[in-house]
C-alpha cells in the first residue's frame, strides 16, 4: 500500500480527497500542524506528497524545498493559482506534476497513479506493514518510527513481520517459533522469550513501549490502530 502525505489546509477539500484516495487503496495522512510539515513528513515517510501552494505559516514552495533537501519522494502540487509562472516555479522547486483547482477527482487520481508508476515501477516492489505509526518495509527489512530508523536483527525482523502482518490477532508462540527457526527440531521456548524481550527493549528505546503485547499462555499480539 502506497502512502500519500496530503498537505492541504482547506478542510473540505482535504477530507474529501483523503477519503477518495483511501477508497483506491492508498494510505493517506493529512498534515495536522502547518508549522511542522517537515516533521510530519519524516514521521510518516510517504511515497508521494500532495502539496497545496497557499498554506498557513509557510507556502508549499518552502516545504517542498525543505523536503527536497533530504528526499526524492515525488511531490505533486495543488493550487488554484494555475498561471504559467506558478507552474514553472512549482517544477523548478522539484515538483513532479501540477494539478489546478478546481480539479476532477478521477483526473487527480489518474495523475497520482501515473507519478507512482514512474517513481516505483522499476524499483524493488514496495511493501510496507504499519501499526501505531511504525512502518516495517519488507523490501529492505527496515523499521521506521517518528522519523528515525530502528536497526533490526534477522530475528527482530521475522518477529515483527509475523506480528504486524497479523495485526489485531494473537499469534501463537508455536507459529512464531516456526517462523523464526523453520525447523521441526525442538527449540527451547525460552529462546523465543529472550528474542522478544530483546526486541521489546529496542522498540521501547525508540518510543514504541508496549508495542508487543503478551497474551499469557497463548502468544503475542500487535494491536490494530
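Values quoted throughout were computed directly from the atomic coordinates according to the rules given, and no laboratory measurement underlies them. Nothing here was measured: the structure is a model prediction, and the numbers come from that model. Don't worry about glycine lacking a Cβ; one is built from the backbone with ideal geometry, like all the others, and counts go over all protein chains shown.
Exposure proxy for 91, 177: other Cβ atoms within 10 Å of each Cβ, ordered fewest to most, give 91, 177.
Overall shape: rounded for region 3-120, with the ratio a/c of the largest to smallest alpha carbon gyration tensor axis below 1.5. Under the criterion of Cα pairs below 8 Å and six or more residues apart, the relative contact order for region 1-120 equals 22 percent. Panel order for 52, 210, by other beta carbons found within 10 Å of each beta carbon, from fewest to most: 210, 52.
Taking the average, over residues, of other Cβ atoms within 10 Å as the packing measure, peptides 26-37, 146-157 rank 26-37, 146-157 from highest down. Taking a ≥ b ≥ c as the square roots of the Cα gyration tensor eigenvalues, with a/c under 1.5 meaning rounded and otherwise prolate when a/b beats b/c, else oblate, which class fits region 1-54? It is oblate, given that a/c is not under 1.5 and a/b is not larger than b/c. Ordering 12, 213, 76, 170 by the number of other Cβ atoms within 10 Å of each residue's own Cβ, fewest first, gives 12, 213, 170, 76. Across the chain, the mean sequence separation of Cα contacts (distance under 8 Å, 6 or more residues apart), normalised by length, yields a relative contact order of 14 percent.
With a ≥ b ≥ c taken as the square roots of the eigenvalues of the C-alpha gyration tensor of the chain, please select rounded if a/c is under 1.5 and otherwise prolate if a/b is larger than b/c or oblate if it is not?
On the way: a/c = 2.61, a/b = 2.46, b/c = 1.06.
Cα axes put the chain in the prolate bin.
What separates the Cα centres of region 33-48 and region 1-25 is a distance of 14 Å.
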